[in-house]
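Peer 1: Below is a structure I'd like to ask you about.
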Amino acid sequence: MDFSLSVDHEILRDSVRKFAEKEIKPVARELDKREEFSYETMQKMAELGLFGVFVSEEYGGQGMDYLSYIICTEEIARVDGSHAATVAAENSLGIGPLYYFGNEAQKRKYLPKLCSGEALWGFGLTEANAGSDAANSRTTAVLDGNEWVINGSKIFITNASTKISAGVTVLCKTGTRPDGKPELSCILVESGTPGYESRPMHDKMMWRASNTSSLSFEDCRVPRENLLGERGHGFHQMMMTLDGGRLSIGAMGLGGAQGCYEMALRYAKEREQFGKPISTFQVNAFKLADMALEIECARLLLYKACWLRDNDMPFSKEAAMAKLHCSEVMHNCANHAVQLHGGYGLMQEFDIERFYRDQKLLEIGEGTSEVQRIVIARHIGAL
């Protein structure tokens, strides 16, 4: 067994880490305070090649493996969760469905702009009444001649209401299956389509510098050919998309945990009490040791899941495990890091305060920790 990364992966990690330290870290705190999505840093991330990492060069992507994408997300998250959310959502939820399920015309039309960073794309899944129960979507799409007529709403959608958001993939109920269950399909809706409106959501506790949106559809008409893949395959497409998305959330947890650990270690070695660094007190040294241990285990689990995916092997169980474990590792690391900072850890002038807030969404977004346990339990035959 070989646990070493390739030279290319190591070079990629180093370049993204240097970029994040130079371009994102100096502005992250202020962007968080102002709750401002930065088009400047977003464009710089695009120029570095952080969008369409796993998309073939034929459609404007970087043509790398999935592990490369995860390493990129991990390194951005090590510095800031908001920018990592923009990268993760755009690749996994925006670009992914179009790349894996779109027809040739759809790929040619949308992917080059998305991979270059010229445009962003959202994935309209969650509704006010359909979070963990995503199949209970009430947004409908009725075929009227050569057009789909869409009515409904979505909430908590990333990258859907910026000034460069080109559109959104919408999960809709398009009928009823023979077994009585809803027929779900994914339909592409471009920004500016009459009847479609996207609005930024404000006053968030976390990811304040990422774009989160609510969407509404009122007799919104789009061409029949805007159907993504086959009619009635929306639930399958959604599940496949979330499997890949769970790996990126795992990467955000892993990178965030690494950032928390590094801040905590540095502070504990500098802060003195009773005449010596607080890192030398066993109670604190054990916190740091536990953080290092959990991060190492989380990285091995996440990278194994990526290896399975890159080798076309089943990875759904491992994706759920990685998402669950990495999210909870960041929870533990953020908690320990704030404790080590003491009162300063509660002040916005210290980055750990932002990490502590940003962590919570990882246990909720793209399937809560409870849902991940259900997924894992089904895979092991317990349910």
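The values are calculated or read from the model by the stated rules, or taken from the named source; none is laboratory data. Here the structure is a predicted model, which is why all the values come from computation and not from measurement. Every residue, glycine among them, receives a Cβ derived from its backbone with ideal geometry; neighbour counts consider all protein chains shown.
Peer 1: Which residues, taken from region 32-61, are under 19 Å from the mean Cα position of the chain (by Cα) and in a helix (DSSP H, G or I)?
Peer 2: Passing the criteria: Asp32, Tyr39, Thr41, Met42, Gln43, Lys44, Met45, Ala46, Leu48.
Peer 1: Select from region 142-199 the residues that are basic (Lys, Arg) and surrounded by 15 or more Cβ atoms within 10 Å (Cβ to Cβ) and write down the one among them that is farthest from Ser92 (Cα to Cα).
Peer 2: Lys173
Peer 1: OK, next. With a cut-off of at least 2 residues that are small (Gly, Ala, Ser), name the strands (runs of 3 or more DSSP E) lying wholly within region 114-166.
Peer 2: 120-124, 147-158
Peer 1: Does region 132-141 hold any residues that are surrounded by 14 or more Cβ atoms within 10 Å (Cβ to Cβ) and either modelled with pLDDT of 95 or more or charged (D, E, K, R) (or both), and which are they?
Peer 2: Once the filter is applied, which keeps residues that are surrounded by 14 or more Cβ atoms within 10 Å (Cβ to Cβ) and either modelled with pLDDT of 95 or more or charged (D, E, K, R) (or both), region 132-141 yields Arg138, Thr139, Thr140, Ala141.
Peer 1: How do the pairs read when you match residues in region 236-263 that are more than 15 Å from Ala334 (Cα to Cα) with residues anywhere that are crowded, with 24+ Cβ neighbours inside 10 Å and acidic (Asp, Glu), using Cβ under 7 Å and keeping only pairs 6 or more apart or on different chains?
Peer 2: Close Cβ pairs (under 7 Å, with a partner that is crowded, with 24+ Cβ neighbours inside 10 Å and acidic (Asp, Glu)) amount to Leu242/Glu366; Gly245/Glu366; Arg246/Glu366; Ile249/Glu366; Ala251/Glu74.
Peer 1: What number of residues within region 268-283 are among the acidic types (Asp, Glu), over 35 Å from the mean Cα position of the chain (by Cα) and assigned to a helix (DSSP H, G or I)?
Peer 2: The number of residues fulfilling the criteria is 0.
Peer 1: In region 176-200, what residues are modelled with pLDDT of 95 or more and closer than 15 Å to Gly232 by Cα?
Peer 2: Matches in region 176-200: Glu183, Leu184, Ser185, Cys186, Ile187, Leu188.
Peer 1: Going through region 357-383 one residue at a time, which ones are in contact (Cβ under 8 Å) with a residue 60 or more places away in the chain, in a helix (DSSP H, G or I) and crowded, with 20+ Cβ neighbours inside 10 Å?
Peer 2: Across region 357-383, the qualifying residues are Asp358, Gln359, Leu361, Leu362, Gln372.
Peer 1: Before we move on, is Leu265 in a helix (DSSP H, G or I), more than 27 Å from Lys173 (Cα to Cα), out of contact with any strand residue (DSSP E or B) (no Cβ under 8 Å at 6 or more places or on another chain) and of a type outside the set (Phe, Trp, Tyr)?
Peer 2: yes
Peer 1: Please go through region 189-240 and give me each residue that is under 20 Å from the mean Cα position of the chain (by Cα), assigned to a strand (DSSP E or B) and either farther than 30 Å from Gln348 by Cα or among the β-branched types (Val, Ile, Thr) (or both), ordered by number.
Peer 2: Result: Ser198, Thr212, Leu215.
Peer 1: Which of the residues spanning region 171-180 are without any contact (Cβ under 8 Å) to a residue 40 or more places away in the chain and in a loop (DSSP other than H, G, I, E, B)?
Peer 2: Selection gives Pro178, Asp179, Gly180.
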